[in-house]
């Protein structure tokens, strides 16, 4: 299975461990990711607040470039996934928007038909690779590892996703397939506040606290996520949550691709596990290192 | 021969047995006087339960039956029938309610058991004194009278007529059509009211099975189910309906005015001609004018100088000497479909209706919108100008303890319709002031959704007042609506050119009168009371009297038509069975004891007790008597007895309750 | 404006609803039935001057200034919970973006000052490199928006740095020229 | 043992008896002191029924009918109201507190109200204590007197109304 790959800026920077884990497992899953040549920033949420058309135009360049590959465009970043999809949607639904975007692309010698299918890598893993295949690749028993699946906002909302917006299940069944245990996680789609971390930090930290507390309450050893922003928020800012709210959270927040890698027996170093903000310890460490 | 009573105690699964010690109660019942057998069973109402009782009766073991189980309202009929199947008169059965009023409502099982014993003892004593009653049947006259010629009456009459049954349709106004004939469009489909109504009106006018009496009122109703006698007053139209061909020459030349002009417009909006001789509206059925004697110059002047219409009428149909006519006829069933009237908002002083110009009622606005109305369908201010902004105030007279508690059900929808019409016809800004949007019917919410996108300004809040006193320049010469926008939480003052009051619906002024004539009750809300709020929506407590449309509660057209068809099918079912069984538990006068004081004559709500001048005693008409017992309780001579609820039976019950003491 | 005891229609902008309605994403806004699903679903509603539902009623009534000056839009975390649940399928999050842009344009984005700085820095970086450079973005933003608070950001930055997650050098796309042409064209065309 | 009042209820078939049934269907709990007798209409209830109940051992009597205007038989409940007023006037003559006889309107939909009324009335009778002067009623319950009494009620009621 071959896809055009759009990593996004974060995955090449603060979320480089996400990229490491994807690289480590993709061949075994039979997923070939050909990077979109010379991709640029997706336009991102922050852009949207200032310039709408500009945001869509920047985004549209990527879509126009991707069209030459005649394949689905896959991204691991939820924010990129949302923005690229939204661009598609506005391009196709609003004639005026389509016209202006067309003119802007033309200025750069590009054109876009509006037909690129943008997908998230979780979608590919669950629906193209399939849990059966994944289960067959499991070499290391993760029995007893309690995992909270955290989906966040942007892959399930606003309704362009591949899963139920209120109760997505993709990662739940993935965890089962990997032999670990899915804990009940009611807040699985509640916002972590990542987009507010820069501007309204306290409020963002409050949202993080709720998510961490719910995971802890349900006995999770770790949280898995699929978005660079969520991961950074919950991982890197966990100590700040602790100091602000006098809590003692110590919950590793890892990418679902890292969890797949662990189950497949890939060395933790190769998955970027050593570069987490909150290190693996206690029961989780015992389970991962044992067996 | 001694009376032998059989007592059957039902467990009702654990419903009774869980709280009442059945064994103890059985023991207790066995010890009661005249009880010859006591049985208990899991479910007495089940087939085997009924068979148990039936067989004991068949075998001649008992001649009175007491079942202690649920409420008689639940299964009295079931066990009466079982008793009857066993070969015993069904009135020799009685019930003790040890479920709804015993096992289900008390906590302590000891006390529940004691109460069950007392109730059974009471029932046993009552059973001892029960007497067989005979079933009575009366034939049903296949003709029906429908009172009210609005859409409800029209529908009911047509249904019956189409089924081949004779119908007399009595309408108070000069034409049938009711309120619906005054509407321009109907919500939510916006189909033209006249287009869908007129063909039906015409059918009524032409149908061989329908006798139409317009400009007529029911004076008296006597008789009973299957055999009612109706007396109708046909008011004088002063136009001979046989001769008139509806040409209109009379009103065209009429010099008088029924609705005076005021400035550029008429004082009151009118659909038909504004002359004293007029047709209420152009599609009127029958298409025959009437003369309003209050304003007609001929009648106002003693010398009868005018007479112009008579001169103009080629067919000589005008008859100034015409008199009211009384008609009597017999029917088997009655359908009341007298409809509604709209609430008079002038009592709400703060809305300024009648005081401030350009504050109008919904019905006035309705007529203004009609192409055949006095403004030709144009939306105009009192000065003839075009309004630039219009406010619609919901719930006027509804949902308010001062006026009517209830929701009138149609105002939200017709208000939305108005908004649409205004937007369609003018460039005016439209404000809807609502408390809740109640769009419950088919296609209604969708209509609301549509209106939301038609740039109507929805403000949630009940308008506090409408005033013409400005507090700033922009308000000068305007009507100002003061309202709290409850969704925002602050008070707004909104200057407008016109205000429409979405007045609620109420029972017609004559409803109480007609209800009394037909022995139907009027509820606290001013509407007729149906037999059962859920399961008997078209029948009433009086057999043979049915109700349809807005006389029962505020209703929109679809619901009205549905109820009208339901009423006509209920009537058809009566007619088809040809005979009807009537109440056996009636009152009876012991002529020997009657002193002839006539007190009972005045007590009876059904006029069933009449004085027999020859014998000098009062007599109960068994067909009319409903068995309420009011006359029995009132008789100073103790001459009237209530069958099945005789004094001695009730005394016995009381004694039974205390027999265990 | 809301402090006033009585609100006069003349003080309101009666075209505000239509203005928002005409924007892409604003199309369903008139269908709002004020049910409050949005406010109930919003993780930030309690912190807002006006929860989303009320923003929509204010827009409808024409309280333009009140809406644009409120902190509501700046607290929106773009989680889209309101948007997916809205029974009338109003693109609430997109309306929030539209309001943000409008507020910035009219200089009413007081609460959004930081967000504006962040956004502008971000835009600047994309113009410069074609991609975001998170290290530079954070540094610039902190120095501009939170100069007195800069120290408090150090622990998080260090955490990323020591774990090799904060690249020092930016990546520049090859055909930056093409991207700039597109962006220049957008400037020419103007926003919708 | 504490005093448990015995109360007899006369309930009209259409509203109050149905209301009492509804209390049952809704499983609303109320005090078990009431024993009900069903009549078709509250207008059927004769003053002597009440006196009879008191004589036989009731400490209180509850009469319940349809709300004014809702009577199944149009106005039987008004008749009941009139008789009730008269009866309350003569009860003290027998040494009986008029509070022992209560008239209430209970609609078919008012199960909860019915239960509340029974509870309240039971407590009121409990505080009044057992009815002690039953014997005074013996002579009025002879047939002749009953008739005179009922006549007085009816005519007095009329006078009262006027």
Hey, could you check segment D:23-42 for residues that are more than 8 Å from chain B (Cβ to nearest Cβ) and farther than 17 Å from residue D:56 by Cα and say which is surrounded by the fewest Cβ atoms within 10 Å (Cβ to Cβ)? D:26
For segment B:481-490, does any single residue satisfy the condition of being touching a residue at least 60 places away in the same chain (Cβ under 8 Å), at negative phi and either more than 11 Å from every other protein chain (Cβ to nearest Cβ) or surrounded by fewer than 21 Cβ atoms within 10 Å (Cβ to Cβ) (or both)? no
Complete set of residues in segment B:552-562 that are farther than 28 Å from residue B:623 by Cα and assigned to a loop (DSSP other than H, G, I, E, B): B:553, B:554, B:555, B:556
The strands (runs of 3 or more DSSP E) lying wholly within segment B:108-182 that contain at least 2 residues that are at pLDDT below 95 are B:136-139
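Having 1 or more residues that are in contact with a strand residue (DSSP E or B) (Cβ under 8 Å, 6 or more places away or on another chain) is the bar; report the helices (runs of 4 or more DSSP H) wholly within segment A:1-84 that clear it.
Filter on segment A:1-84 gives A:16-29, A:52-66.
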I need a count of the residues in segment A:94-121 that are more than 8 Å from chain C (Cβ to nearest Cβ) and either assigned to a helix (DSSP H, G or I) or under 28 Å from the mean Cα position of the chain (by Cα) (or both). 15
Give the residues of segment B:431-454 that are under 33 Å from the mean Cα position of the chain (by Cα), part of a strand (DSSP E or B) and within 12 Å of chain C (Cβ to nearest Cβ), sorted by residue number. B:432, B:434
Say whether the condition of being on the phi < 0 side of the Ramachandran plot, more than 16 Å from the chain's Cα centre (by Cα), surrounded by fewer than 18 Cβ atoms within 10 Å (Cβ to Cβ) and in a helix (DSSP H, G or I) is met by at least one residue in segment C:56-64. no
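Pull up segment D:71-98, narrow it to residues that are facing chain B (nearest Cβ under 8 Å) and out of contact with any strand residue (DSSP E or B) (no Cβ under 8 Å at 6 or more places or on another chain), then point me to the one that is surrounded by the fewest Cβ atoms within 10 Å (Cβ to Cβ).
Per the stated criteria, the residue is D:75.
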How many residues does segment B:570-602 contain that are under 26 Å from the mean Cα position of the chain (by Cα) and surrounded by fewer than 16 Cβ atoms within 10 Å (Cβ to Cβ)? 7
So, residue C:91, is that one surrounded by fewer than 21 Cβ atoms within 10 Å (Cβ to Cβ), over 22 Å from residue A:231 (Cβ atoms) and within 9 Å of chain A (Cβ to nearest Cβ) or not? no
Could you say which residue among B:434, B:444 is touching a strand residue (DSSP E or B) at 6+ places or on another chain (Cβ under 7 Å), assigned by TED's automatic domain parsing to the domain that holds residue B:487 and at pLDDT 95 or above? B:434
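What do you reckon, is residue C:191 touching a residue at least 24 places away in the same chain (Cβ under 8 Å), surrounded by fewer than 19 Cβ atoms within 10 Å (Cβ to Cβ) and either facing chain A (nearest Cβ under 9 Å) or not in a helix (DSSP H, G or I) (or both)?
yes
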Looking only at segment C:97-133, how many residues end up being more than 26 Å from residue C:83 (Cα to Cα), assigned to a loop (DSSP other than H, G, I, E, B) and touching a residue at least 24 places away in the same chain (Cβ under 8 Å)? 3
Tally of residues being assigned to a loop (DSSP other than H, G, I, E, B), exposed (fewer than 14 other Cβ atoms within 10 Å of the Cβ) and in contact with a strand residue (DSSP E or B) (Cβ under 7 Å, 6 or more places away or on another chain) across segment B:11-33: 0
Considering segment A:175-185, residues that are surrounded by fewer than 22 Cβ atoms within 10 Å (Cβ to Cβ) and touching a helix residue (DSSP H, G or I) at 6+ places or on another chain (Cβ under 6 Å), and then whichever is nearest to residue C:85 (Cα to Cα), we arrive at A:182
Taking segment B:581-609 and keeping residues touching a strand residue (DSSP E or B) at 6+ places or on another chain (Cβ under 6 Å) and over 10 Å from residue B:637 (Cα atoms) leaves B:581, B:582, B:587, B:588, B:589, B:591, B:598, B:600, B:601, B:608, B:609
Please verify whether residue B:184 is surrounded by fewer than 24 Cβ atoms within 10 Å (Cβ to Cβ), touching a residue at least 24 places away in the same chain (Cβ under 8 Å) and under 24 Å from residue B:555 (Cα atoms), treating the condition exactly as stated. yes
Of the conditions (1) within 14 Å of chain C (Cβ to nearest Cβ); (2) surrounded by fewer than 21 Cβ atoms within 10 Å (Cβ to Cβ), residue B:537 satisfies every one except a single condition; which number is it? (1)
Test residue D:20 against the criterion of being part of a loop (DSSP other than H, G, I, E, B) and either surrounded by fewer than 24 Cβ atoms within 10 Å (Cβ to Cβ) or within 11 Å of another protein chain (Cβ to nearest Cβ) (or both), and give yes or no. no
When you scan segment B:572-601, how many residues do you find that are touching a helix residue (DSSP H, G or I) at 6+ places or on another chain (Cβ under 8 Å) and within 12 Å of chain D (Cβ to nearest Cβ)? 4
Restricting attention to segment C:11-26, does a residue exist that is surrounded by fewer than 22 Cβ atoms within 10 Å (Cβ to Cβ), without any contact (Cβ under 8 Å) to a residue 12 or more places away in the chain and either in a loop (DSSP other than H, G, I, E, B) or touching a strand residue (DSSP E or B) at 6+ places or on another chain (Cβ under 7 Å) (or both)? yes
If you scan segment D:43-58, which residues turn out to be over 19 Å from residue D:12 (Cβ atoms) and more than 7 Å from chain B (Cβ to nearest Cβ)? D:51, D:54, D:55
Inside segment C:134-185, the number of residues satisfying the requirement of being at the interface with chain A (Cβ under 8 Å from one of its Cβ atoms), under 25 Å from residue A:272 (Cβ atoms) and free of Cβ contacts under 8 Å to residues at least 12 places away in the same chain is 7
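The values are calculated or read from the model by the stated rules, or taken from the named source; none is laboratory data. Keep in mind it's a predicted model, so treat the numbers as computed, not measured. Because the Cβ atoms are built from the backbone with ideal geometry, glycine has one as well, and the counts that use them run over all protein chains shown.
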